[in-house]
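A.B. asks: Questions regarding the structure given below will be posed in turn.
The values are calculated or read from the model by the stated rules, or taken from the named source; none is laboratory data. Source: prediction; values computed, not measured. Cβ placement follows ideal geometry from the backbone for every residue including glycine, while neighbour counts extend to all protein chains displayed.
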Amino acid sequence: MKVMFVHGRSQGGKVPADLEATWMGALREGLEKAGLALPDGVEVDFPFYADDLDRFVEAFALPADPAFTPKGSPVFDEYAEFKVRVVDEMRVRAGISDSAVQAEAGDLPMEKGPQNWAWVQAVVRLLDRTFTSLPEGTLEVFLRDVFLYTRKTAVMSTIDAIVAARLTSDTRVVVGHSLGSVVAYNVLKAAAGKPPLFVTVGSPLGIRAIRSTLGVLTNPAGGKGWYNAYDPRDVVALNPLDALNFGVDPAIANYGGVDNQTSNRHGIVGYLNDPNIARAIRASFD
C-alpha cells in the first residue's frame with residue numbers, strides 16, 4: 001500500500017528525503033489530532049521534479065517580473081496574457097475593487113491589459129499584502145512557474161513523466177499540493193489505473209486561466225473520489241473545486257475549513273496537519 005505525495009513549486013535544490021519527512025511528519029500530526037494512525041506497511045512515493053522545473057525556468061529565461069522582458073517576444077506575449085487573466089480573476093474573487101487598485105498604482109495609467117504592467121503589478125502587490133506575509137514577488141514566481149508547466153509542452157511532458165513513473169497499482173492515494181495538484185491531476189487523467197482516492201490541497205485548479213489548458217475536465221480518482229481542501233485565506237486556492245469552477249461528475253468533495261498556520265496560509269504542513277485532511281487520506285486504506 002502506497003501514498004504518493006506530489007510537491008509544488010519552490011523546492012529546487014532541496015533534499016527529497018527531507019521533504020518527504022516533512023510531509024509525513026505533518027500527516028502524522030494530523031492523524032494524531034484525529035485519533036488515527038496509518039496502517040502498518042504503508043510506503044511513501046515522493047516523485048521529485050523541482051530541479052527539472054528550475055532548469056526549464058533558466059532555459060526559457062522568463063523572469064518573475066516580465067516587465068523586464070522585451071516586448072514582442074512570443075514567450076513574453078503569451079505569459080503576459082496568462083498573467084493578466086489569472087491576476088484579474090484573483091482580484092475579483094478576493095473582492096479587490098478597481099478603486100483600490102487605482103490607489104495602489106497612484107497616478108499611473110490604469111487601463112487593464114497585458115501591456116499595462118502598472119495595473120497588473122498593483123493588483124499583484126495588493127494580493128500579496130492581503131493574503132500572505134511573504135515578500136513582494138512571491139505570487140509573481142508562482143505565476144511564472146505555473147505558466148511554464150501549463151503552457152509549454154516540454155515542461156509538462158518532462159514533469160509528468162517523473163510523476164507517472166512512480167504511480168503503481170499499489171498506490172492507494174495521491175496527494176497533490178499547489179502546482180503539484182495540477183501535475184497530479186494531469187498525470188491521473190492519462191493513467192490507465194486510477195488510485196482509489198485523489199486529494200488536492202492549496203490547489204489553483206479552480207482558476208479558469210489555469211484549468212482551461214488541461215482539456216476536457218474529468219474526475220480521475222477511483223472509487224473513493226476526489227477530496228479538495230483549502231484555506232480561504234490562501235491566495236492560490238481562492239476558488240473551491242465546485243460545480244462553478246471545476247464541474248465534473250462525480251463531483252469533487254470540497255472542504256474549506258482549513259486553518260493553515262503557515263505564514264502564507266499555503267504551506268503543506270498547515271494542510272497535512274489538519275485532522276480532517278488526515279482523516280480523508282487515512283480512509284483510502286480502509
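A.B. asks: Inspect all residues belonging to segment 238-253 and state whether any of them is part of a loop (DSSP other than H, G, I, E, B) and in contact (Cβ under 8 Å) with a residue 60 or more places away in the chain.
C.D. replies: Yes, segment 238-253 contains at least one residue that is part of a loop (DSSP other than H, G, I, E, B) and in contact (Cβ under 8 Å) with a residue 60 or more places away in the chain.
Conditions (1) closer than 30 Å to residue 223 by Cβ; (2) crowded, with 20+ Cβ neighbours inside 10 Å; (3) at pLDDT below 90, marked per residue:
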position	(1), (2), (3)
107	no, no, yes
113	no, no, yes
128	no, no, yes
132	no, yes, yes
142	no, yes, yes
154	no, no, no
162	yes, no, no
167	yes, yes, no
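A.B. asks: Does residue 203 qualify as being of a type in the set (Gly, Ala, Ser) and touching a His at 6+ places or on another chain (Cβ under 9 Å)?
C.D. replies: yes
A.B. asks: Which one of the conditions (1) at pLDDT 95 or above; (2) more than 25 Å from residue 56 (Cα to Cα); (3) under 17 Å from the mean Cα position of the chain (by Cα) does residue 195 fail to meet, given that it meets all the rest?
C.D. replies: The single condition residue 195 does not satisfy is (3).
A.B. asks: Would you confirm whether or not segment 183-199 contains a residue that is out of contact with any helix residue (DSSP H, G or I) (no Cβ under 6 Å at 6 or more places or on another chain), aliphatic (A, V, I, L, M) and within 26 Å of residue 130 (Cα to Cα)?
C.D. replies: No, the conditions are met nowhere in segment 183-199.
Matching residues to (1) among the polar types (S, T, N, Q); (2) over 27 Å from residue 88 (Cβ atoms):
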site	(1), (2)
144	no, no
147	no, no
153	yes, no
161	no, yes
167	no, yes
173	no, yes
197	no, yes
232	no, no
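A.B. asks: Further question on the same structure: Does residue 200 satisfy being in the same structural domain as residue 258 (by TED's automatic domain parsing), within 15 Å of the chain's Cα centre (by Cα) and of a type in the set (S, T, N, Q)? Lay out the reasoning, then the answer.
C.D. replies: Details: in the same structural domain as residue 258 (by TED's automatic domain parsing): yes; within 15 Å of the chain's Cα centre (by Cα): yes; of a type in the set (S, T, N, Q): yes.
It is true that residue 200 is in the same structural domain as residue 258 (by TED's automatic domain parsing), within 15 Å of the chain's Cα centre (by Cα) and of a type in the set (S, T, N, Q).
Residues are listed down the side, and each one gets a yes or a no for (1) assigned by TED's automatic domain parsing to the domain that holds residue 127; (2) farther than 20 Å from residue 23 by Cα; (3) crowded, with 16+ Cβ neighbours inside 10 Å:
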position: 190; (1), (2), (3): no, yes, no
position: 205; (1), (2), (3): no, yes, yes
position: 210; (1), (2), (3): no, yes, yes
position: 259; (1), (2), (3): no, no, no
position: 263; (1), (2), (3): no, no, no
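A.B. asks: Exactly one of (1) under 18 Å from residue 267 (Cβ atoms); (2) touching a strand residue (DSSP E or B) at 6+ places or on another chain (Cβ under 8 Å); (3) not acidic (Asp, Glu) is unmet by residue 173. Its number?
C.D. replies: Failed condition: (1).
A.B. asks: Does any residue of segment 82-93 turn out to be over 25 Å from the mean Cα position of the chain (by Cα) and at pLDDT below 90?
C.D. replies: The answer is no; no qualifying residue exists.
A.B. asks: Also: Could you count how many residues in segment 250-271 are modelled with pLDDT under 95 and either among the acidic types (Asp, Glu) or touching an Asp or Glu at 6+ places or on another chain (Cβ under 7 Å) (or both)?
C.D. replies: 2
A.B. asks: Another question about this same structure. Does residue 209 satisfy being part of a helix (DSSP H, G or I) and more than 12 Å from the chain's Cα centre (by Cα)?
C.D. replies: Here the answer is yes, as residue 209 does meet what is asked.
A.B. asks: If you go through segment 213-228 one residue at a time, do you hit one that is buried (at least 16 other Cβ atoms within 10 Å of the Cβ), modelled with pLDDT under 95 and not in a loop (DSSP other than H, G, I, E, B)?
C.D. replies: Checked segment 213-228: no residue is buried (at least 16 other Cβ atoms within 10 Å of the Cβ), modelled with pLDDT under 95 and not in a loop (DSSP other than H, G, I, E, B).
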